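Novice: Sharing a structure below in structure tokens format, with a few things to ask.
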Amino acid sequence: MTSGLSRAVLLFGLLALAGPAAGQGMPMPLAPPQAAPAPAPSAAAVSAADKVPAKQLFGAAREPAELSSRAIGFYSKGCLAGAAMLPVNGKTWQAMRLSRNRNWGHPRLVDFIERFAAKVPKVSQWPGILVGDMAQPRGGPMASGHASHQIGLDADIWLTPMPGREFSAQEREKVSATMIVRPDRLDVDPKVWTGSHIAVIRAAAQDPEVERVLVNAAIKKALCRDATGDRSWLQKVRPYWGHDYHMHVRLSCPKDSPQCRPQDPVVPGEGCTGEALDWWFSDANLHPRPPKEPVKPPPPMMLADMPPACREVVLAP
């Protein structure tokens, strides 16, 4: 790096800034009984942070920023201050893939998951839910897996019921979610699709804080065919790539987060007819032709590309 700091030294410094638990395995000095406020990051640290992809900065933080809780920016370009951690176990939920340290969110998201999980056994045959990725301790872009999940308002809920026992740490890393989509991608697999799947997705979509629920198009198609009674909740359920095994639940911007940028409202109607759904089953989508020229990947998101408040979040104590 042209700044004179090696990447290793830079990341060590960023880990130190990230919080008391950030430098795992490193001795940390004890705080005095009345510790002074943490000093502002040095000019060198700020300058170094501007030269590192944002996903490295936010991925290095192991604890939330000690700031008032707020979602900042957009779902795919933002960060999270004052995050809350979803406990790894509850009576009606278990958090999965704990090694990723992505069971964090805005307090409203944690409240929603706990509330939703408690409702699931009442409306379905499931004992509870399995919770996949939420957000990192300070939100922001991730090294792998998601473009969104950056502001603490997104959660992946597996379309697999929680078992009647507690998973071991190893099982939480290795157990796979259930594949819901048929091999030809045109519908759900009838061997695994049940009325409980409908009930669980309906319960999520009916929550007033939920902005939308993303599922595979085949799952949306099955919901359109099989849902009975009040179907108004179908408006929130939208097809999107990569949701064969789970549903992606997204909350609306909370009132305490004026810097949160909302998504465009969902299109009116159930979304069950017409080109909006038919396109997902077209040959062009299911069997796309490879590009004639290799697609150049976009440059990584940098801190300067993000809302200005995210600089304070990632460098805060």
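The values are calculated or read from the model by the stated rules, or taken from the named source; none is laboratory data. Nothing here was measured: the structure is a model prediction, and the numbers come from that model. Neighbour counts are summed over all protein chains in view; Cβ atoms, including those assigned to glycine, are modelled from backbone coordinates with ideal geometry. Keep in mind that these areas ignore ligands, DNA and RNA; they rest on the heavy atoms of the full protein, side chains included. Shrake-Rupley method; radii C 1.70, N 1.55, O 1.52, S 1.80 Å.
Novice: Look through ASP256, ASP230 and report the one residue that is free of Cβ contacts under 8 Å to residues at least 40 places away in the same chain, of a type outside the set (Ser, Thr, Tyr) and more than 27 Å from GLY145 (Cα to Cα).
Specialist: ASP230
Novice: GLY145: open to solvent by less than 20 Å² (accessible area, probe 1.4 Å), out of contact with any helix residue (DSSP H, G or I) (no Cβ under 6 Å at 6 or more places or on another chain) and assigned to a loop (DSSP other than H, G, I, E, B), yes or no?
Specialist: Considered against the rule, which asks whether it is open to solvent by less than 20 Å² (accessible area, probe 1.4 Å), out of contact with any helix residue (DSSP H, G or I) (no Cβ under 6 Å at 6 or more places or on another chain) and assigned to a loop (DSSP other than H, G, I, E, B), GLY145 comes out as no.
Novice: Select, from ALA204, ALA316, ALA217, ALA222, the only residue that is closer than 30 Å to ARG138 by Cβ and modelled with pLDDT of 95 or more.
Specialist: ALA204
Novice: Contact list please: Cβ distance under 7 Å, first residue in segment 90-109 and closer than 15 Å to ASP154 by Cβ and in contact (Cβ under 8 Å) with a residue 60 or more places away in the chain, second residue of a type in the set (Gly, Ala, Ser) and outside any loop (DSSP other than H, G, I, E, B), pairs at least six apart or on different chains.
Specialist: HIS106/ALA71; LEU109/ALA155
Novice: Another question, if that's okay. Check VAL249 against each of (1) touching a Pro at 6+ places or on another chain (Cβ under 7 Å); (2) modelled with pLDDT of 95 or more and name the one condition it does not meet.
Specialist: Here VAL249 clears every test but (1).
Novice: Looking at segment 148-158, which of its residues are part of a strand (DSSP E or B) and either free of Cβ contacts under 8 Å to residues at least 12 places away in the same chain or surrounded by 23 or more Cβ atoms within 10 Å (Cβ to Cβ) (or both)?
Specialist: ASP154, ALA155, ASP156, ILE157
Novice: Tell me, yes or no, whether segment 178-195 has at least one residue that is in a helix (DSSP H, G or I) and either out of contact with any Cys (no Cβ under 6 Å at 6 or more places or on another chain) or open to solvent by 20 Å² or more (accessible area, probe 1.4 Å) (or both).
Specialist: yes
Novice: List pairs: first in segment 205-220 and among the β-branched types (Val, Ile, Thr), second open to solvent by 20 Å² or more (accessible area, probe 1.4 Å) and outside any loop (DSSP other than H, G, I, E, B), Cβ under 6 Å, 6+ apart or cross-chain?
Specialist: Here the result reads VAL213/LYS236, each pair linking segment 205-220 to a residue that is open to solvent by 20 Å² or more (accessible area, probe 1.4 Å) and outside any loop (DSSP other than H, G, I, E, B).
Novice: Any residue at all in segment 79-88 that is open to solvent by 20 Å² or more (accessible area, probe 1.4 Å), farther than 22 Å from ARG172 by Cα, outside any helix (DSSP H, G or I) and at pLDDT 95 or above?
Specialist: no
Novice: Restricting the search to segment 108-142, which residues are assigned to a loop (DSSP other than H, G, I, E, B), farther than 25 Å from THR194 by Cβ and open to solvent by less than 10 Å² (accessible area, probe 1.4 Å)?
Specialist: Scanning segment 108-142 gives MET134, PRO137, ARG138, GLY139, GLY140.
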